[in-house]
Amino acid sequence: MIDVAAVSVTYGHGASLVRAARNVSFHIQAGDALGLVGESGSGKSTVMRAIAGLIPHAEGRIAIAGRVMPNKRPRESRRVTQMVFQDPYGSLHPSQTVDQTLAAPIAIHNLDNAEARIMTALTEVGLGREHRFRYPHQLSGGQRQRVAIARALILEPKVLLLDEPTSALDVSVQAEILNLLTRLRRDLGLTMLMVSHDLAVIAHICDRIGVMSRGELLEMTTATDLAEGRVNHPYSRQLLRANRGFDPSGVDVDVTA
Amino acid sequence: MSTPLRVGAPTGWRGWLLDPAPASRNQARLGRWYRAWLAFHRNGLAMTGLVIVAALVLAAIFAPLLADRELAFHQVLEDRLQDFSWLHPFGTDELGRDIYARVVFGSRITLTIVGLVSIIVLPVGLGIGLPAGYFGGWIDSVLMRITDIFLAFPRLVLALAFAAALGPGIENAVIAISLTAWPPYARLARAETMTRRHAEFIEAAQLQGASSFRILLTQIVPLCLPSVIIRLTLDMAGIILTAAGLGFLGLGAQPPLPEWGAMVSTGRAVLLDQWWVATIPGTAIFIVSLGFNLLGDGLRDLSEARSG
């Protein structure tokens, strides 16, 4: 469903050129979920944003559902891929009701049955009629993230990109959102790509996990292998240790240099 | 199924407006307006400003009911420069016209100028500022250099030059004021846009396939508009004073139109002996300018309370 081949993303040019992602390749089957883990600045969000079409990729090829994606995406191709952002406080327009937020994509793509689509999307994410005409400031963080997920689902995408969808939420709400995403993936047959620095969150959703550092995809592993510590790259081992808790003796300075 | 009644919650139409779970688009919108009104209502100075501005609008609409049009324009030379009386509450001017009636009818001219300037300045300011802030790059450079050029001229001097070149009159005064008034709005709209163009809800709209035009219109304009309108309200005093200044210098509304600035100008000659001829229209200018300033301050407090 998603085919990423030798993709590089650069910012700036000349002397200030930054290569945020280098030669990243992976493939996700339809209905699968892949997680990208890594510390801040490892390029995992950059790769996701390039797949979403929010930033251009300098080299390589991105294909979604068998179609190669140019840097300037045609409008109808947007329906295939939707994204849920990290911060549910920043990803909803502060002066628009849930209803307006959900109606906008329907208007953009000239879809019919706006009323039914909005109610379906709300039901899918576990929100009711009483939430429909509220403003974001009248919703809790978890409810906002549900609205953001509903907005992504309303175009009936095949691919859902998740950019740390739970990191801004408190722990009890995190579990609710993760369960919701698991259920949606099963019910709607969504293909998912998730970015997080939290291995537990990634392992909850994803079957396969890619470890990224300094713009490179170091290793592909599975959720079970990761849970049992069967990883090959020294950086992956360090990341695993870091996630179990801080242990100064385990810090291996500059393993990727 | 009955909805559970919250203890102490307002009922009736107020309860409907303040319902945290509105049942329709209009209820949500009206509820939002009502909440804003409740906050605005508590601000005494802002309410004073609102009352003054409302009085100006009502005076302009109902001028023929409040005063006799005949008295405002008809010259009665034997009644010239009369003191306050029951017939002429604010006396008469040098041509025997009733000053009260002229001030009341002058509100129409003031409101026309203020309204026309707003209608020109808002779209021009937003039209230049929004694309500059949103697209950045060379579009921003070109649009902002044009803005800088207009910003470099002193306001009254440019307005004077235009009024002199185009000929005196209300329409030309409006054009002259608008030409000098729009650049700050373009800058404001640009700044507001730049702080929001990388917001996640803008990226979400881009991901949905929204065109730049749609994003500007539906996502960014609603966020820029409050601060632009507040700025415009606070600028109203300056616009009214500029219009009055042009009238005073004979480049605005022409006789016999009862423009307040022109009325001050004619009263100048008799200021020491018949002080009311210049003072009454001057007071009208002062009160209306003050009203717009108080209203603008109140709106700013409201928007800061909401965002903060």
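So that you can scan it fast, the table gives a plain yes or no per residue for (1) in contact (Cβ under 8 Å) with a residue 24 or more places away in the chain; (2) surrounded by fewer than 15 Cβ atoms within 10 Å (Cβ to Cβ); (3) closer than 19 Å to A:Gly35 by Cα:
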{"residue": "A:Arg146", "(1), (2), (3)": "yes, no, no"}
{"residue": "A:Leu153", "(1), (2), (3)": "yes, no, no"}
{"residue": "A:Thr182", "(1), (2), (3)": "no, yes, yes"}
{"residue": "A:Ser196", "(1), (2), (3)": "yes, no, yes"}
{"residue": "A:Thr224", "(1), (2), (3)": "no, yes, yes"}
{"residue": "A:Arg237", "(1), (2), (3)": "no, no, yes"}
**Request:** Taking only segment A:47-64 into account, find how many residues are of a type outside the set (Asp, Glu) and either surrounded by fewer than 14 Cβ atoms within 10 Å (Cβ to Cβ) or more than 14 Å from chain B (Cβ to nearest Cβ) (or both).
**Result:** 8
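Working carefully through the options A:Gly66, A:Gly31, find the one that is within 26 Å of A:Thr222 (Cβ to Cβ) and without any contact (Cβ under 8 Å) to a residue 60 or more places away in the chain. Break it down into steps so the answer makes sense when it comes.
On the way: A:Gly31 fails: without any contact (Cβ under 8 Å) to a residue 60 or more places away in the chain.
Answer to the selection: A:Gly66.
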**Prompt:** Out of the residues in segment A:106-144 that are buried (at least 19 other Cβ atoms within 10 Å of the Cβ) and more than 24 Å from the chain's Cα centre (by Cα), which is nearest to the other protein chains (Cβ to nearest Cβ)?
**Reply:** A:Phe133
**Message:** Among the residues of segment A:65-81, what is the count of those that are away from every other protein chain (no Cβ under 11 Å), surrounded by 15 or more Cβ atoms within 10 Å (Cβ to Cβ) and more than 20 Å from A:Leu184 (Cα to Cα)?
**Reply:** 1
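Can you tell me how many residues within segment B:173-200 are part of a loop (DSSP other than H, G, I, E, B) and over 16 Å from the mean Cα position of the chain (by Cα)? Break it down into steps so the answer makes sense when it comes.
Here is the first cut: in segment B:173-200, the residues part of a loop (DSSP other than H, G, I, E, B) are B:182, B:197-199.
Subsequent filtering for residues that are over 16 Å from the mean Cα position of the chain (by Cα) retains B:197-199.
Selection size over segment B:173-200: 3.
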**Within segment A:155-180, considering residues that are within 17 Å of the chain's Cα centre (by Cα) and of a type in the set (Ser, Thr, Tyr), the one surrounded by the fewest Cβ atoms within 10 Å (Cβ to Cβ)** = A:Ser167
**Request:** State the number of residues belonging to segment A:82-97 that are at the interface with chain B (Cβ under 7 Å from one of its Cβ atoms) and either touching a Phe, Trp or Tyr at 6+ places or on another chain (Cβ under 6 Å) or among the aliphatic types (A, V, I, L, M) (or both).
**Result:** 5
**Asked** Quick one: which helices (runs of 4 or more DSSP H) sit completely within segment B:28-74 and have at least 2 residues that are more than 22 Å from the chain's Cα centre (by Cα) and charged (D, E, K, R)?
**Response** B:69-73
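Can you report the number of residues in segment A:46-76 which are in a helix (DSSP H, G or I) and in contact with a Gly (Cβ under 8 Å, 6 or more places away or on another chain)?
Pass one, segment A:46-76, residues in a helix (DSSP H, G or I): A:46-52, A:75-76.
When the remaining residues are screened for being in contact with a Gly (Cβ under 8 Å, 6 or more places away or on another chain), the result is A:46, A:75-76.
Selection size over segment A:46-76: 3.
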**Asked** Among the residues of segment A:239-257 satisfying the criterion of being of a type in the set (S, T, N, Q) and modelled with pLDDT under 60, which is surrounded by the most Cβ atoms within 10 Å (Cβ to Cβ)?
**Response** A:Thr256
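Name the single residue that is surrounded by the most Cβ atoms within 10 Å (Cβ to Cβ) among those in segment B:177-216 being under 26 Å from A:Val98 (Cα atoms), of a type in the set (A, V, I, L, M) and away from every other protein chain (no Cβ under 11 Å).
Taking segment B:177-216 and keeping what is under 26 Å from A:Val98 (Cα atoms), we get B:189, B:192-216.
Of the ones still in play, those that are also of a type in the set (A, V, I, L, M) are B:189, B:194, B:199, B:202, B:204-205, B:207, B:210, B:215-216.
So of that shortlist, the ones also away from every other protein chain (no Cβ under 11 Å) come out as B:189, B:194, B:216.
Numbers: B:Ala189: 28, B:Met194: 15, B:Leu216: 22.
Checking each candidate, the answer is B:Ala189.
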**Request:** Identify the single condition in (1) surrounded by 14 or more Cβ atoms within 10 Å (Cβ to Cβ); (2) over 17 Å from B:Leu290 (Cβ atoms) that B:Thr48 does not satisfy, given that it satisfies every other one.
**Result:** (2)
**Prompt:** With respect to the numbered conditions (1) part of a helix (DSSP H, G or I); (2) of a type in the set (Ser, Thr, Tyr); (3) free of Cβ contacts under 8 Å to residues at least 12 places away in the same chain, which one is the sole condition not fulfilled by B:Ser85?
**Reply:** (1)
**Prompt:** Can you name the condition, by its number, that A:Ala52 falls short on among (1) closer than 26 Å to A:Ala227 by Cβ; (2) touching a Leu at 6+ places or on another chain (Cβ under 6 Å)?
**Reply:** (1)
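The values are calculated or read from the model by the stated rules, or taken from the named source; none is laboratory data. Please read these numbers as outputs of a predicted model, since none were measured by experiment. Don't worry about glycine lacking a Cβ; one is built from the backbone with ideal geometry, like all the others, and counts go over all protein chains shown.
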